[in-house]
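So the structure is just underneath, and the comments pick up after that.
The values are calculated or read from the model by the stated rules, or taken from the named source; none is laboratory data. Model, not experiment: these values are computed from the prediction. With ideal geometry, Cβ positions are generated from the backbone for all residues, glycine too; neighbour counts draw on all protein chains shown.
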There are 2 protein chains.
Amino acid sequence: MTPPASPRLLEHPAREEILLESVLHALSDAVRLRIVRELAAAETALSCSHFVLPVTKSTTTHHFRVLREAGVIRQDYQGTAKLNGLRREDLDALFPGLLDTVLAAAEAQSARAEDAPAGPLTATASD
Amino acid sequence: MTPPASPRLLEHPAREEILLESVLHALSDAVRLRIVRELAAAETALSCSHFVLPVTKSTTTHHFRVLREAGVIRQDYQGTAKLNGLRREDLDALFPGLLDTVLAAAEAQSARAEDAPAGPLTATASD
DNA sequence: CTCGTAGTTTGACATTCACCGTACTACGAT
DNA sequence: ATCGTAGTACGGTGAATGTCAAACTACGAG
């Protein structure tokens, strides 16, 4: 039986266990989508503390866990830090193009938001 | 005040109001994903009653509303029926390729599920 | 050994969600 | 006018979600 040898081992779903619904759900939160975008941009594993998020540490932990359990990211301990990396290969194999398309969509939406900072619901100067 | 003039008008978000997060959330439910897949396959508007779903009428109404409010489908009354159609143009304009990619991913996952009906978690004969 | 940093866990809380049953409204046919 | 069919609205319930604060665990440095 596995002794308490490795204290820091995290459970990841196998590739075949990854469900589209879970992945979409994981990506449907603004904070998590942001995390995934940064991870994709970095093209390398990043520690949790690298991210500046508008939530507390515990909430950050929660979001990373949702991403990991959905199979979107892989988390490995590296000493006291935890490295997070996108599971690109697995996702691309299961759902070809999905990740890139969502990433591109997020980019597009971001760009639109910057073009209209006040938003169409806020009076811009016509008040 | 507004008279009971048009009794059957449904609110839809304008194209620019559609949010990626909401779309992903709408698609992250199995029942709704199924609805969207049927709608995409039909390539024409379908009435709610056309769908055979494992939930009651009220829950069906709920799911269609989530899809409509997220901007995924358009609903129009046609007499006593309500026709549901995918907002392909809007979605493709906002998030190019997203809908098709998700649809393809759903197909792929479906196909995998059929290949292994018992699932990798159930002993198939090695017991 | 002690301390600080990184991250987790637990418990709480308000919100949202998926789901149901029942009562209701709109429309078309009789 | 009456009835049946399509779908909505209105509660209500149990589970999940996003959030936080506070206490805790692991690791590296001094």
Quiz item: Within segment A:30-37, can one find any residue that is more than 22 Å from B:Thr101 (Cα to Cα) and within 8 Å of DNA strand D (Cβ to nearest atom)?
Solution: yes
Quiz item: Is there a residue being farther than 21 Å from A:Ala106 by Cβ, modelled with pLDDT of 95 or more and within 12 Å of chain A (Cβ to nearest Cβ) anywhere in segment B:12-30?
Solution: yes
Exercise. Go through (1) surrounded by fewer than 16 Cβ atoms within 10 Å (Cβ to Cβ); (2) part of a helix (DSSP H, G or I) one by one and return the number of the condition A:Asp90 breaks.
Key: (1)
Quiz prompt | Residues located in segment B:36-68, provided they are within 10 Å of DNA strand C (Cβ to nearest atom) and either outside any helix (DSSP H, G or I) or surrounded by fewer than 16 Cβ atoms within 10 Å (Cβ to Cβ) (or both) | solution = B:Leu53, B:Pro54, B:Val55, B:Thr56, B:Lys57, B:Ser58, B:Thr59, B:Thr61, B:His62, B:Arg65
Quiz item: Quick one: what pairs do we get from segment B:54-67, first residue under 15 Å from B:Leu10 (Cβ atoms) and within 14 Å of another protein chain (Cβ to nearest Cβ), second at pLDDT 95 or above and within 7 Å of DNA strand D (Cβ to nearest atom), C-beta under 6 Å, 6+ apart or different chains?
Solution: none
Self-check item: Of residues in segment A:69-87 being polar (S, T, N, Q) and buried (at least 16 other Cβ atoms within 10 Å of the Cβ), the one farthest from A:Glu16 (Cα to Cα)
Solution: A:Asn84
Exercise. Examine segment B:93-101 for a residue that is within 20 Å of B:Val52 (Cβ to Cβ) and either in a helix (DSSP H, G or I) or not aliphatic (A, V, I, L, M) (or both), and state whether such a residue exists.
Key: no
